[in-house]
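Down below is the structure, laid out as structure tokens.
The values are calculated or read from the model by the stated rules, or taken from the named source; none is laboratory data. Please read these numbers as outputs of a predicted model, since none were measured by experiment. Cβ placement follows ideal geometry from the backbone for every residue including glycine, while neighbour counts extend to all protein chains displayed. Side chains are part of the model used for accessible areas, which takes the heavy atoms of the whole protein and leaves out ligands, DNA and RNA. Shrake-Rupley method; radii C 1.70, N 1.55, O 1.52, S 1.80 Å.
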Amino acid sequence: MSKRNTQQRRHGIAAFIAQQGEASVDALAQHFSTSEVTIRKDLATLEKSGLLLRRYGGAVAMPSEIVAVDETEEYVSERKLAIAKAAAARIRDHNRLIFDSGSTTACLIPLLNDKQGLIVMTNSLNVANALNELENEPTLLMTGGTWDPHSEAFQGQVAESVLRSYDFDQLFIGADGIDIERGTTTFNELMGLSRVMAEVSREVVVMVESSKVGRRIPNLELPWDSINTLITDDGLDLEAKKQIELCGVQVICAPIEKN
């Protein structure tokens, strides 16, 4: 199935669940004439985008108080590109980096071709494949561990142990939401690896769109005292920026380039 058809199906799933309130994997597989394995992957992707919440055997609609503003994919990609450019400007030749899984951090990778001697560790196969395509050929390290289909990344004690064997200059990590009072939040209940990533990095850089700031998601991933820098776009509310800076975090609002 083409990428276009996959996106159309996922839009359809999101709309279906928003209308019905909830749906089982079996019902969605029948409705969209695809396999349950495909539906589970679709639900994982849609949950990462903040469009629904996965539950055992299916998914439910996102509570209205944390639904993101509906924006076009083109505008979202503009925001992510602006964030990625600001993040790339912080990377120096020969830096030792960690890239967590996620679409925002993935936008950073194509901007690294002019950086020499990079050493990069990741827990994401998608990130690893993208890094492997760079012409400057950074040294690539994988955490290994247990594959988690929910986050589409490796997790667990083996991955944590591998990370603790190294030290890094910077961690680049995304978030499902930002609780202004607490820190980054996530739908995923597996947060141990993210915290180890932060522990072994001199600078922790969170990359997140401004639309996710203020989302109150129950699972706290990284508290503010574990974060050095937040890179977002220039849509961030000024008062929110001030509150985050009061927590000791540098906030960079990257300007969106309009065509």
Subject >> Lone unmet requirement of (1) open to solvent by less than 70 Å² (accessible area, probe 1.4 Å); (2) in contact with a Ser or Thr (Cβ under 9 Å, 6 or more places away or on another chain); (3) among the hydrophobic types (A, V, I, L, M, F, W, C) for residue 111 >> reply: (2)
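Restricting to the range 121-137, what's the tally of residues that are open to solvent by less than 70 Å² (accessible area, probe 1.4 Å) and farther than 19 Å from residue 160 by Cβ?
Initial filter on the range 121-137 (open to solvent by less than 70 Å² (accessible area, probe 1.4 Å)): 121-124, 127-128, 130-131, 134, 136.
Now narrow it down to the ones that are farther than 19 Å from residue 160 by Cβ: 130-131, 134, 136.
Qualifying residue count for the region: 4.
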Original post:
Can you tell which of 163, 171, 140, 118 is closer than 19 Å to residue 81 by Cα and open to solvent by less than 70 Å² (accessible area, probe 1.4 Å)?
Top reply: 171
Original post:
How many of the residues making up the range 75-105 are small (Gly, Ala, Ser), at pLDDT below 90 and buried (at least 22 other Cβ atoms within 10 Å of the Cβ)?
Top reply: 2
Subject >> Residue selected from the range 181-194 under the condition in contact with a Gly (Cβ under 9 Å, 6 or more places away or on another chain) and open to solvent by less than 30 Å² (accessible area, probe 1.4 Å), by the criterion nearest to residue 155 (Cα to Cα) >> reply: 193
Subject >> Pairs with Cβ under 7 Å, 6+ apart, first in the range 11-40 and under 12 Å from residue 58 (Cβ atoms), second open to solvent by 100 Å² or more (accessible area, probe 1.4 Å) >> reply: 16/31; 25/40
